[in-house]
Structure formats: structure tokens, C-alpha cells
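> Please see the structure below; I have some questions.
Readers should treat all values here as calculations from the given coordinates under stated rules, not as data from a laboratory. Everything numeric in this text was worked out from a predicted model, so none of it was measured. Because the Cβ atoms are built from the backbone with ideal geometry, glycine has one as well, and the counts that use them run over all protein chains shown.
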Amino acid sequence: MAGLDITIIPCLTDNYAYLLRSKDLCAVVDPPEAAPIVAALEGATLTHILNTHHHWDHSGGNRELKEAYGAEVIGPEKDRSRIPGIDHGVDQEHGWQFGGFKVGVLEVPGHTRGAIAYVIDNAVFTGDTLFVMGCGRLFEGTPAEMVASLAKFAALPDDTAVYCGHEYTLTNARFAQTLEPGNEALAARYNDVVAARAAFKPTVPSTIRLEKATNPFLRTGSAEIRAAIGMAHGDDAAVFAEIRRRKDNF
Ligand code: ZN
Ligand code: FE
């Protein structure tokens with residue numbers, strides 16, 4: 001469906017919130033704070049606040065924005081009790097709908113128990129579950145859960161645009177190169193990312209196609225990665241866990 005306009009709003013030091021606008025709606029995804037959202041609205045009225053998970057750097061702006069605009073707060077039903085000001089809980093089975101847009105909900109536990117992603121149009125808002133060339137830390141989930149969650153992203157159409165919660169891309173790309181120096185798509189992308197960041201440009205959106213080609217956490221089957229970590233025969237969850245452990249210490 002045409003007509004959804006997406007604006008990237010840098011917040012805090014490295015967070016991204018996103019403003020979604022169409023004729024009938026004006027929504028923000030994951031507002032850590034109110035001020036940059038208010039500025040980006042340029043006088044428009046916020047109608048909805050969508051949260052991917054409860055962490056304060058994704059929901060810290062909820063109450064102030066809700067109070068200022070009367071916006072409806074949407075978040076994971078499974079994590080209702082931790083989403084500030086929540087009005088409507090959503091789950092994967094039922095999805096959701098607003099302003100004529102069908103919203104797919106993916107339940108993606110791993111970073112947090114209740115983490116979800118929103119699929120709207122040909123875009124996915126991944127919060128801290130999938131990053132550009134990375135993934136979130138496992139604060140509340142197991143490697144097996146995260147592998148299953150990441151597989152839901154990999155199953156989206158290749159040209160789906162990926163909007164994630166943080167600008168961690170340069171570090172992620174450097175780490176990815178330590179595991180897969182022979183991956184040409186990764187080498188090319190690394191150069192693109194360095195150039196973008198040198199120009200202070202965001203590295204979002206990515207695409208599912210690019211992530212499948214370069215994100216080590218989606219590439220647990222890669223022979224080069226498995227050789228690099230000495231795990232030719234481990235299952236995907238074990239390989240994922242080892243990559244995650246190395247990234248945590250990178
Ligand atoms: Zn988080
Ligand atoms: Fe975060």
C-alpha cells in the first residue's frame with residue numbers, strides 16, 4: 001500500500017525513533033524522549049505510539065507524548081505491565097490495523113521476553129531484536145529463542161526495509177568482518193557504512209536481502225563463520241550463542 005511516509009528521528013546518543021505519516025495518521029515508533037518527536041511533528045498531532053519493547057530508551061517518551069497529544073499507546077500484549085501508558089496490547093496471532101494500514105506483529109523474544117516487531121507496508125520495525133549487521137543482547141531470552149525470532153525476519157520478503165532501534169552499524173560491521181573477511185557483500189557494505197557515518201548519515205533503512213547477505217547472526221550456516229569460531233558441526237543455536245558471546249566481548 002502506498003502513502004506511508006517514514007521519517008528517521010535520532011534520539012539520545014544512538015537511538016532511532018520513526019515517525020510514520022499518512023493522510024489519516026501520525027505515529028511514532030519507540031520514542032525514548034518527547035522533545036525530538038515534538039520537533040519532528042512540526043505542529044502535527046501525534047495519533048499513535050508504537051513500542052517494540054519496554055526498555056526506557058524505546059518507551060521513555062510515551063507518557064509525555066500521550067499527555068500532549070492524546071495519542072494511543074500500542075505495545076506487546078505479553079508485556080502490558082511494563083509498557084508505560086499502554087492502551088492496546090497486540091500479538092502475532094491477531095496483528096493490528098490503523099489508518100487503513102494492516103500491521104503485522106512478529107513476536108520475537110530474546111532481547112526481552114515481550115519483544116515484538118511491526119511489519120507495515122514493506123517495512124519492518126525491529127527495535128533491539130535485529131540491528132543492521134547485528135542483533136540485540138540476550139537480556140531475557142535463550143539463544144534458541146533468538147534464533148527462532150531472527151528466522152521470522154529472514155522469512156520476510158527480501159526487499160522489506162529494515163528500521164532498527166539503534167545506530168550500532170559501524171561496530172557491528174567491524175565485528176562481522178572478523179568472522180567473515182572473505183564475504184564480498186560484507187566488505188562492500190563495510191565501505192558504504194564507513195562513508196555514511198563519516199557524513200553523519202544514518203545507516204537505516206537496511207533490507208532483509210542485505211541482512212541475509214551480511215549479518216553474522218542470520219548467517220549461522222556460513223562455512224566461513226563456522227570455521228572462524230571452530231564450530232563446523234554445531235547446531236544453529238550453539239553457533240549463534242558463540243557469535244553472540246564474542247560480540248558481547250568485542
Ligand atoms: Zn532494548
Ligand atoms: Fe535500546
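> Around HIS94, what is the net charge, scoring Lys/Arg as +1 and Asp/Glu as -1 over all other residues with Cβ under 13 Å from its Cβ? Don't skip to the end; give the middle numbers.
Numbers: positive: LYS78, LYS102; negative: GLU77, ASP91, GLU93, GLU107.
Here the count lands on -2.
> Could you calculate the contour length gain from GLU93 to THR13, that is, 0.36 nm times the residue separation minus the distance between their Cα atoms, to one decimal place in nm? It would help to have the intermediate numbers written out before the result.
On the way: separation 80, 0.36 × 80 = 28.80 nm, distance 3.46 nm.
So the chain would gain 25.3 nm between GLU93 and THR13.
> For the charge dipole of the chain, defined by +1 on Lys and Arg C-beta atoms and -1 on Asp and Glu C-beta atoms about the Cα centroid, which residue among ASN15, GLY43, GLY99 has the Cα displaced farthest towards the positive pole?
Towards the positive end, the residue furthest out is ASN15.
> Now for a different question. Just ARG219, ARG197, ARG174 to compare: in a GNM of the chain, with alpha carbon springs under 10 Å, which one fluctuates most?
Maximum among the listed residues: ARG197.
> Turning to a different aspect of this structure: Report the gain in length on full extension from GLU42 to GLU224: 0.36 nm times residue separation, minus Cα-Cα distance, nm rounded to one decimal. Can you show the working numbers first?
On the way: separation 182, 0.36 × 182 = 65.52 nm, distance 4.86 nm.
Full extension of this stretch gives 60.7 nm more.
> What is the count of Lys pairs in the chain whose alpha carbons sit under 19 Å apart, if the two are 8 or more places apart or on different chains?
Pairs that pass both the separation and distance tests number 5.
> Related question: Please compute the net charge surrounding ASP158, taking Lys and Arg as +1 and Asp and Glu as -1 over other residues with Cβ under 10 Å from its Cβ.
Summing Lys and Arg as +1 and Asp and Glu as -1 gives 0.
> Where does the chain land at 222 nm, in deg cm²/dmol rounded to the nearest 500, when only DSSP H runs of n ≥ 4 count, each adding -39500 (n - 2.57), divided by all residues? Let's see the in-between values first.
Details: 9 runs with 83 residues, N = 250.
Per the formula, -9500 deg cm²/dmol.
> Given a Förster radius of 30 Å and the C-beta distance between LYS201 and ARG137 as r, what FRET efficiency does 1/(1 + (r/R0)^6) yield to the nearest 0.05? Each step should come with its number before you reach the end.
Values: r = 26 Å, r/R0 = 0.85.
Calculated transfer efficiency: 0.70.
> With a sphere of radius 14 Å drawn around the Cβ of ALA115, what net charge do the other residues whose Cβ falls strictly inside it have (Lys, Arg +1; Asp, Glu -1)?
Working: positive: LYS78, ARG80, ARG82, ARG113, ARG137, LYS152; negative: ASP30, ASP57, GLU77, ASP79, ASP91, GLU107, ASP128, GLU140, GLU145.
Here the charged neighbours net out to -3.
> What are the trypsin sites (Lys or Arg not before Pro) within the stretch 1-108 that DSSP puts in a loop, where the Cβ has at most 16 other Cβ atoms within 10 Å?
Numbers: sites: ARG21, LYS23, ARG63, LYS66, LYS78, ARG80, ARG82, LYS102; in loops: LYS23.
Counting only loop positions with at most 16 other Cβ atoms within 10 Å, the trypsin sites (Lys or Arg not before Pro) in the stretch 1-108 are LYS23.
> Determine by what factor the alpha-carbon radius of gyration of the chain differs from 2.2 N^0.38 Å, reporting the quotient. All intermediate terms of the calculation are to be shown ahead of the outcome.
Values: Rg = 17.8 Å, N = 250, 2.2 N^0.38 = 17.9 Å.
Normalised by 2.2 N^0.38 Å, the Cα Rg of the chain equals 0.99.
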